[in-house]
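Only one structure is covered here, and it is reproduced in the block below.
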């Protein structure tokens, strides 16, 4: 068993950290405060090939392994959790379905622009009454001649106001039971009948805009169908299997940022005539935080390594997301505790880390869904 | 045209600690390319692109400077290839000794038109290597270089001087030390990192180089912290900003600071 990163993976970490510390961390507080989508950093990230890392160069990607992609996502999120979710929602949720299930014509049309970061993507699965129970969606796509007509709405769609390409799930057979009858479509932003609603006001990752989408007799060509009719649920679940590892990496970055802040503060803050880092009560908290982060990191990298080696990764990804997201919330909570009253104020970043961490337990499958996936595998 | 960038692989001082005795503990400082050397590579890359020159990285030092990671980190910044001398006898070597080895590598490469270095190394900051290197090669040395344009034999070199800027024309090979802020180096992209591993790296034995014995040996024989000036602990106790400013000016004049 080898726990060493390759030279390239080490360089990805140091290089993306350099970028995140210079370009992302300095604006993370401001974009959170102003609920501002950090549009200006996306061309810079595209210039560094960060918007399509795991896809082959022939499709505009960087051609890295998945572990490298997760390391980069971790470091981006350490600098700015909002930018982390923009990156993973685009790279994994929006681009992967086309890479994995798209026809050659769809790949030729979209992949190069998306993997190179020229056009931003979004993934539209969740509906007002269909969250964890994704198959309960009521959005429909009815075949009409050589097209499909979409009707319905989606909510909580990351990147939506700035995206140009949307992966949209809708029922092509509304009468089908359960997970059957759902299909996936590629919808372009300027399609008549498609509109983006007002962004939600959220607890955290406030720079990531997550509005609803509306489809009113939105007609897309038949070749916008991704994969086969009825394959939508499978496409969504396979995409989320990889996406969950990404949320694990995002959580890891948030947790590491919270620990870094706590360690720096504990060394500086003097009480009883000495830095609080010398107090055992603080040391034990830091020890627990560091240990949890290390365990989460191993789970995230293991799941990513499984992708690189062609091994199954659904259960491993669920474990990585579950543990890393709950670690992030716990570590950020402890970081506030170490900061005392100051940690509850906007003078220090840990309150933002705490708010940013919580979403990682919710989106791309709640912790309860991850436990369901893990239990199903364990009880098989 | 061949352009050499002499870079240093060294430890980051921000990760070093200073003991109560004033001695710097480097054991936990991670190694990396010296802070100002990416500036030199960026300036050199621009000139190499404009002149279709080959850009060759050269580094010399003790064990560690020639690891694949170190080489890839430098190559990912835009070098075409690297020539590395890694020999533990160079541990703790002085600036003159290191410059002599770099000069020997430049001679070995042959037909080099220009050597570009960073402003100074982040760990020692002596600013000696470019000058000594130029002396070893018999070339002119120019410091505080902000930009380089032109062709071999007709280089136009901009440099920062106190109170302004200066433009030089250089008709032959030279050693140029870039200013610390000559440009903002780009952060390598992911493709650059992967491509770095495919670029040629030549490891040269120190013993195989023709390094002339130095006529002078420089050894650090003592270290001390800067003497702390006595503090006056003078407080300007007024709520009127204009009055406070006047008092501050007066106080500064009294001690000769203004």
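Every read-out reported here was derived from the displayed coordinates using simple, explicitly stated rules and does not represent laboratory data. As the structure is a prediction and not an experimental result, all values here were calculated from the model. Quick reminder, even Gly has a Cβ in these numbers, built from the backbone with ideal geometry, and neighbours come from all protein chains shown.
Remarks
- Legend: P(r) of region B:91-196 from all alpha carbon pair distances, 10 Å bins from 0, whole percents, reading 14, 39, 35, 12, 0.
- Extent along principal axes [Cα atoms of chain A; Å; largest to smallest]: 79, 46, 43
- Panel values: region A:240-378, Kirkwood radius from alpha carbon pairs, Stokes-Einstein at 10 °C and 1.306 mPa s, translational diffusion coefficient 103 µm²/s.
- Distance from region B:127-159 to region A:342-356 (C-alpha centre basis), Å: 50
- Across all Cα atoms of chain B, the radius of gyration (one decimal) and Dmax (whole number) stand at 21.9, 72 Å.
- Relative to one another, the C-alpha centroids of region A:268-290 and region A:117-152 are positioned 50 Å apart.
- Kirkwood Rh and Cα Rg combined as Rg/Rh, region A:7-120: 0.98
- Taking every residue in B:140-149 and counting other chain Cβ atoms within 10 Å of its Cβ, the average works out to 0.
- Treating r as the C-beta distance of residue A:268 and residue B:165 and R0 as 35 Å, the FRET efficiency rounds to 0.25.
- Here the calculated FRET efficiency for residue B:217 and residue A:36, from their Cβ-Cβ distance with R0 = 51 Å, stands at 0.30, rounded to the nearest 0.05.
- Quotient of Cα Rg and 2.2 N^0.38 Å for region B:136-226, N being how many residues it contains: 1.55
- DSSP bridge orientation in chain B - percent antiparallel, rounded to nearest 5: 40
- Mean sequence separation of contacting Cα pairs (under 8 Å, at least six apart), scaled by the length of region B:2-208, corresponds to a relative contact order of 25 percent.
- Normalised by the number of residues in region A:7-120, the average gap of Cα pairs under 8 Å and 6 or more apart makes the relative contact order 33 percent.
- 10 Å binning of all Cα-Cα separations within region B:1-56, expressed as whole percents from 0 upward: 23, 33, 22, 15, 6, 0
- Taking only the Cα atoms of the protein assembly as shown, the ratio Rg/Rh comes out at 1.04, with Rh defined as the Kirkwood radius.
- GNM result for chain A, Cα springs below 10 Å: residue of A:354, A:342, A:301 fluctuating most strongly: A:342
- Potential lengthening between residue A:104 and residue A:228 on full extension [0.36 nm per residue; Cα-Cα distance subtracted]: 43.2 nm
- The value obtained for region A:224-265, namely the Cα convex hull volume divided by the number of residues, is 58 Å³ per residue.
- Counted over chain A, the DSSP beta bridges are approximately 85% antiparallel.
- Sorted fewest first by neighbouring Cβ atoms within 10 angstrom, A:380, B:28, A:118, A:33 come out as A:380, B:28, A:33, A:118.
- Helix A:280-309 axis, angle to chain A major axis (alpha carbon atoms, nearest 10°): 30
- Each of A:45, A:70 has some number of other Cβ atoms within 10 Å of its Cβ, and from fewest to most they run A:45, A:70.
- Cα shape, region A:122-233, gyration tensor, a/c 1.5 rule: oblate
- Each peptide in B:223-236, A:303-316 was scored by the mean count of other Cβ atoms within 10 Å over its residues; highest first, the order is A:303-316, B:223-236.
- When A:86, B:220, A:374 are arranged by Cβ crowding within 10 Å, least crowded first, meaning fewest neighbours, the order is B:220, A:374, A:86.
- Most simply put, the protein assembly as shown has about 60% antiparallel DSSP beta bridges, counting only bridges with both residues inside it.
- Per-residue ellipticity at 222 nm, computed for chain B from helices alone with -39500 (n - 2.57) per DSSP H run of at least four residues, works out to -8000 deg cm²/dmol.
- Taking the centroid of alpha carbons for each part, region A:8-83 and region B:203-258 are 39 Å apart.
- Computed over chain A, the per-residue total of -39500 (n - 2.57) for DSSP H runs of n ≥ 4 gives a 222 nm mean residue ellipticity of -15000 deg cm²/dmol, rounded to 500.
- Taking all Cα pairs closer than 8 Å and separated by 6 or more residues, the relative contact order of chain A comes to 16 percent.
- Considering only the Cα atoms of region B:70-123, their convex hull presents on average a projected area of 4.6 nm².
- Rounded to the nearest 10 degrees, the inclination of helix A:314-339 to the longest alpha-carbon principal axis of chain A is 40 degrees.
- Helix A:367-378 axis versus longest C-alpha principal axis of chain A: approximately 80°, rounded to the nearest ten.
- Counting Cβ atoms of other protein chains within 10 Å of each residue's Cβ and taking the mean over peptide A:9-22 gives 4.
- Mean Cβ count within 10 Å, highest first, over the residues of peptides B:15-23, A:17-25: A:17-25, B:15-23
- Förster radius 30 Å - calculated FRET efficiency between residue B:24 and residue A:280 (Cβ-Cβ, nearest 0.05): 0.50
- Look at the stretch B:182-189: the mean tally of other chain Cβ atoms within 10 Å of its residues' Cβ atoms is 4.
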